[in-house]
Amino acid sequence: MKTSVICFLVFLSTVNGFSFFAEKIPNGEFVPHPCKPNFLWKGVGHKNKDGGGERNQFGRDFLNFGKIWSESLCRMDSDGDGKSNGEELGDPNCVWREGDIPQFMTGITHPGVCDPMNATICLEKNTWVDCSLESFQCQALRDDPDIKNMTLTFPKTPVPVEETNYYCMAFEFPQDGDYHMIATEPIIDNIHVMHHILLFGCTKKPPISTTEPQHCGMGLGDCLDVIGGWTVGATGECLHKDIGFRLGQHGYSYGILQFHWNNPLKRSDYVDGSGLMIHYTPNKRIADAGVLVIGQNFFEIPPQQEEVHVTGRCNNLALNGPINITRAINHMHYLGRKMTIEHFRGEDETEYITNEPDYSYDSPKFYSFSNPIVFKPGDTLKTTCVFKSTGKKKTVFYGDGTNDEMCLGFLTYYPKQNIQSPFCVSLKDIDQMQLFTSEEYKSCRHWDFLLSLTEEMRHLKNQVIENCQPLRGCLSECQSIVKLVKRHPCITEDVGSWIKNAALFSLDQRVNRTEMETFYLGLSSCDVWFESHKNDDNSSNNGSQLTLSLFLYLFHTMYFFVTIMF
């Protein structure tokens, strides 16, 4: 045990050391791998992409210049490909100093690897570069003679000229009996655009095409169960020997394959036909598997911060009995540096399900447990994500795009039927599980408010909609209504944020988006007026500021209406 701890500490200090040196060169933490798209080369000065061991030529030059970024090092061409080190790292004028934001943050290349890789001048220089990918290994596929497989792939499809794209296509699973899906294997056609793949299970035919991919959001109606997936760096998934995802007559009859394409250069010539190969067997295992999603989905990361901590808690998971956790994976994007998932039973007992002090998006770590972790009713899960934004100029938010961030954990468990809902993700300090499974939260009947289910809620919204006209500014009849409505428990505190977020961004067709947008716009039409009257003694001094704020407000309001109309 002592030896393991010492080895871990040595490893951790080594990881931190490479991070320290990466900060001493421009874009040092975001240098791409020259032949593995979407991978980063963490140890820029070493031949090993993760750092350590023999230095490459740039590493030797960096050492010779005292391990600092100088104009001389910047103007050198360490890898001999015709581009200076500064040009490759986004500092072509050699003006960057430690702690600065580089002049360029896109189009970065490796200063120690001759590029392009296949150029005649580079072939002999790059013989040491490892471009191979790990192969998928799953013993169960060799041990079960009745294994079948099914290939789920998109037809060759043009990738839209947008940075972030979500596309979906449905597939019918075998219906001649019941099977357990025990493994998935990625089929990656265009690694340049593929960010991740998720496979959702459906118990009935979904309203998604089975013949061609279509644009889709993160929400997929009734198909909420994640049963497979892939992310950069993963080779596939091989389930615990006792479990499988049930397909067929008494399980999932359809699956939806969801792609996240990332096209930051907005190229128009990309096409993709990726997918997954699923492996399933009629020899059903002991239990049906499920995937529980936990974490936090409302946060912001200010720019130029060494560490930003984000937490989410799963306190009231609706269980029908204990569950057994067999595998866990952390998920953040490129600003993620550390992540843990902790299991609490009462206040005294705690254990780490994941503990990843060296998180790297392109090198996912899968925590597998041959002896599953038992999670009982009343237990708690805590997710902690640590982000580093020293290279960012603007605030980064939670979101679906590659340049947004996430803080999620995916836990594979059994038996599936012991969890009523597979999501236990926080929104700020809100227990979303309690929101989803109750009619009232902190004196707010949130479903009645969101869906206008009662006369009281309809009257409340209509009062604002009928008396507030945003394009005309803050009307006197609007002031008294808004003052009253803003005290309502469904408007105040975090629950108000949850309802507003659900109202404006939910794909749930029961939500009247037009009504809710008009209501919230009317509700905000007197914000400037209320702000200016907080202290009447200062109101005269705020006149010019109020006029400017009102002008900006009316401008954005007019823009909103023009956007809706046209």
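One table, with the values for the structure above:
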{"read-out": "Residues of region 432-448 classified as buried (at least 18 other Cβ atoms within 10 Å of the Cβ) and touching a Phe, Trp or Tyr at 6+ places or on another chain (Cβ under 9 Å), total", "value": "5"}
{"read-out": "Search result, residues across region 85-132 that are in a loop (DSSP other than H, G, I, E, B) and of a type in the set (Asp, Glu)", "value": "Asp91, Glu98, Asp100, Asp115, Glu124, Asp130"}
{"read-out": "Subset of region 398-408 that is open to solvent by 20 Å² or more (accessible area, probe 1.4 Å), in contact with a Ser or Thr (Cβ under 9 Å, 6 or more places away or on another chain) and under 18 Å from Ser426 (Cα atoms) - its residue that is modelled with the highest pLDDT", "value": "Asp404"}
{"read-out": "Unique residue being more than 30 Å from Ile243 (Cα to Cα), out of contact with any Asp or Glu (no Cβ under 9 Å at 6 or more places or on another chain) and touching a residue at least 24 places away in the same chain (Cβ under 8 Å) when the list is Lys394, Lys388", "value": "Lys394"}
{"read-out": "Selection from region 72-97 of residues that are open to solvent by less than 70 Å² (accessible area, probe 1.4 Å) and of a type in the set (A, V, I, L, M)", "value": "Leu73, Met76, Leu89"}
{"read-out": "Of the criteria (1) open to solvent by less than 30 Å² (accessible area, probe 1.4 Å); (2) in a strand (DSSP E or B); (3) charged (D, E, K, R), which one Asp362 fails", "value": "(2)"}
{"read-out": "For Gly59: the one exception among (1) touching a His at 6+ places or on another chain (Cβ under 8 Å); (2) surrounded by fewer than 20 Cβ atoms within 10 Å (Cβ to Cβ); (3) closer than 26 Å to Lys392 by Cα", "value": "(2)"}
{"read-out": "Among the residues listed as Asp115, Asp100, the single one being in contact with a Pro (Cβ under 9 Å, 6 or more places away or on another chain), more than 30 Å from Thr281 (Cβ to Cβ), of a type in the set (D, E, K, R) and buried (at least 17 other Cβ atoms within 10 Å of the Cβ)", "value": "Asp115"}
{"read-out": "Residue identified as open to solvent by 10 Å² or more (accessible area, probe 1.4 Å) and touching a His at 6+ places or on another chain (Cβ under 8 Å) among Thr384, Thr395, Thr390", "value": "Thr384"}
{"read-out": "Which listed residue is out of contact with any helix residue (DSSP H, G or I) (no Cβ under 6 Å at 6 or more places or on another chain) and exposed (fewer than 15 other Cβ atoms within 10 Å of the Cβ), from Arg337, Arg345, Arg327", "value": "Arg345"}
{"read-out": "So Asp61, is it in a loop (DSSP other than H, G, I, E, B) and either free of Cβ contacts under 8 Å to residues at least 40 places away in the same chain or more than 25 Å from the chain's Cα centre (by Cα) (or both)", "value": "no"}
{"read-out": "Region 473-491: number of residues that are over 19 Å from Phe449 (Cβ atoms), touching a helix residue (DSSP H, G or I) at 6+ places or on another chain (Cβ under 9 Å) and either in a helix (DSSP H, G or I) or acidic (Asp, Glu) (or both)", "value": "4"}
{"read-out": "Strands (runs of 3 or more DSSP E) fully within region 248-343 counting 3 or more residues that are under 30 Å from Pro377 (Cα atoms) and modelled with pLDDT of 95 or more", "value": "290-296, 308-314, 323-331"}
{"read-out": "Spans of strands (runs of 3 or more DSSP E) in region 137-229 with at least 2 residues open to solvent by less than 50 Å² (accessible area, probe 1.4 Å), on the phi > 0 side of the Ramachandran plot and in contact (Cβ under 8 Å) with a residue 60 or more places away in the chain", "value": "none"}
{"read-out": "Odd one out for His446, checked against (1) in contact with a strand residue (DSSP E or B) (Cβ under 9 Å, 6 or more places away or on another chain); (2) under 25 Å from Thr311 (Cα atoms)", "value": "(1)"}
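The values are calculated or read from the model by the stated rules, or taken from the named source; none is laboratory data. What you are looking at is a predicted structure, and each value in this text was computed from that prediction instead of being measured. Here the Cβ is made from the backbone with ideal geometry for all residues, glycine too, and neighbour counts use every protein chain on show. Only protein heavy atoms, including side chains, enter the accessible area calculation; ligands, DNA and RNA are left aside. Shrake-Rupley method; radii C 1.70, N 1.55, O 1.52, S 1.80 Å.
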